[in-house]
1. With the requirement that a residue be farther than 18 Å from Q3 by Cα and among the acidic types (D, E), what does the range 48-77 give you?
2. List the strands (runs of 3 or more DSSP E) that sit entirely inside the chain and contain at least 1 residues that are open to solvent by 80 Å² or more (accessible area, probe 1.4 Å).
3. Would you check which residues across the range 1-36 are over 16 Å from T64 (Cα atoms) and touching a residue at least 12 places away in the same chain (Cβ under 8 Å) and list them?
Amino acid sequence: GMQVVDLTRVRNYSGSTLTLNANATYTGVTRIHTLATSPSGYLYAAGTNQAGGGLHIIDVRNPTAPVAAGNWSGDGY
């Protein structure tokens, strides 16, 4: 799976140790090789267990509730 962590929680942190727990977990994949994001709110994951390792697209417009948006396997990965 993929954990989603809100990094704004570290903006004003001044202590010595910080533990970040996941705000959400996306379980639609079991592995990810490469991630890319788009300004439109989609995450493109390559090298996953979906679409023969091709792109697995995740809608993260609501980051605490990521959902699968599609797959593309046309790259011959």
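1. D75
2. 2-4, 24-26, 34-37, 67-72
3. Once the filter is applied, which keeps residues that are over 16 Å from T64 (Cα atoms) and touching a residue at least 12 places away in the same chain (Cβ under 8 Å), the range 1-36 yields V29, T30, R31, I32, H33, T34.
The values are calculated or read from the model by the stated rules, or taken from the named source; none is laboratory data. Computed from a prediction, not measured in an experiment: that's the story for all the values here. Because the Cβ atoms are built from the backbone with ideal geometry, glycine has one as well, and the counts that use them run over all protein chains shown. Ligands, DNA and RNA are stripped out before the accessible areas are found, and what is left, the full protein with its side chains, is counted by its heavy atoms. Shrake-Rupley method; radii C 1.70, N 1.55, O 1.52, S 1.80 Å.
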